[in-house]
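Report on the following structure.
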Amino acid sequence: DARVTQTPRHKVTEMGQEVTMRCQPILGHNTVFWYRQTMMQGLELLAYFRNRAPLDDSGMPKDRFSAEMPDATLATLKIQPSEPRDSAVYFCASVTQREGYTGELFFGEGSRLTVL
Amino acid sequence: AQSVAQPEDQVNVAEGNPLTVKCTYSVSGNPYLFWYVQYPNRGLQFLLKYITGDNLVKGSYGFEAEFNKSQTSFHLKKPSALVSDSALYFCAVYNYQLIWGAGTKLIIKP
């Protein structure tokens, strides 16, 4: 049963600490998204990659957030330094997507981050 | 600007009654249309999609959605609601980029 795997599921950290979230997309999917979900803002797109290349990271605060895909089986989202306002659930999703076509997204279970 | 609207933050329905969760969009061309569901403390799950063809699309868990091109709507429906349908529902539209609605909380009361 193919699924998107995210780690950690829960993370509590103190302000100023570095946080790294990881995502293993479904094998064969060429596009990976990072979303953030909060009660106030809803679902926000942070960044996405196609064929491991970053296509859009305009939703990310550039000074503290970074996203990478070191290989096709791993996507990372890093926050350094973390702040209390970063507290949210971070979702990774993968899909097969090409110009003018997309399949349905498969979401991971999310990483719930609490920054104290 | 392209957008997706889910006009109701919350919809309350009695168990056994039909339910409708509304979605309208403002997107050029012929977009793909999706519904996703999110149960508490879980990721979003795909419910159904419309690409082309029959305006009534059937999906998972007995849900269906009706595409109306003239009204640019894609409302989610179910003939008889279950308490277990209580969740957060998202409408999304794809036209070279994926645009999400804000979500509608569906509460089914016993």
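A few remarks follow.
- For residues of B:36-45, the mean tally of beta carbons on other chains within 10 Å: 5
- Label zone at B:ALA14 (point 7 Å along Cα-to-Cβ), backbone N below 18 Å, the range B:80-110: B:80-86, B:107-110
- Accessible surface area normalised per residue over the range B:8-110 is 48 Å², counting heavy atoms of protein chains with a 1.4 Å rolling probe.
- Nearest-0.05 FRET efficiency for A:LEU55 and B:LYS69, computed from C-beta distance (R0 41 Å): 0.90
- Average beta carbon contacts from partner chains per residue of B:92-98, 10 Å cutoff: 5
- A/B buried area, accessible surface, summed, 1.4 Å probe, Å²: 1600
- Listed pairs B:LYS22/B:LYS58; B:LYS69/B:LYS105; A:LYS62/B:LYS22 exceeding 27 Å between Cα atoms: A:LYS62/B:LYS22
- Radius of gyration over Kirkwood radius for chain A, both on Cα atoms: the Rg/Rh ratio is 0.96.
- Distance between modelled label sites at B:ALA5 and A:LEU74, nm, 7 Å Cα→Cβ extension: 4.6
- Accessible area (Å², 1.4 Å probe, nearest 10) - A:LYS78: 80
- Largest-first principal axis extents, alpha carbons of the protein assembly as shown, Å: 49, 41, 37
- A:TYR101-A:SER66 pseudo-label distance in nm [points 7 Å out on the Cα-to-Cβ vector]: 3.6
- Remark: spin-label model distance B:ASN41-A:HIS10 equals 0.7 nm, labels positioned 7 Å along the Cα→Cβ axis.
- Qualifying aspartates and glutamates (Cα of each under 14 Å from Cα of B:LYS78; at least 8 residues distant if same chain): B:GLU15, B:GLU64, B:GLU66
- Relative contact order computed over the range B:5-64 (Cα-Cα under 8 Å; 6+ residues apart), in percent: 21
- Per-residue shielding of A:100-110, expressed as the average number of other chain Cβ atoms within 10 Å of the residue Cβ, stands at 6.
- For chain A, averaging the sequence separation of C-alpha pairs within contact (under 8 Å, six or more residues apart) and dividing by the residue count gives a relative contact order of 37 percent.
- Rh by Kirkwood over Cα pairs, then Stokes-Einstein D for the range A:59-116 at 1.567 mPa s and 4 °C, µm²/s: 97
- Here chain B is treated with +1 on each Lys and Arg Cβ and -1 on each Asp and Glu Cβ, and its dipole about the Cα centre works out to around 80 debye.
- The coefficient of translational diffusion for the range B:1-100, derived via Stokes-Einstein from the alpha carbon Kirkwood radius under 20 °C and 1.002 mPa s, stands at 155 µm²/s.
- Among residues other than A:GLY110 with Cβ under 12 Å from its Cβ, the summed charge is +4 (Lys and Arg +1, Asp and Glu -1).
The values are calculated or read from the model by the stated rules, or taken from the named source; none is laboratory data. All figures in this text were calculated on a predicted structure; none of them were measured in a lab. Here the Cβ is made from the backbone with ideal geometry for all residues, glycine too, and neighbour counts use every protein chain on show. SASA here: full protein model, heavy atoms, side chains in, ligands and nucleic acids out. Shrake-Rupley method; radii C 1.70, N 1.55, O 1.52, S 1.80 Å.
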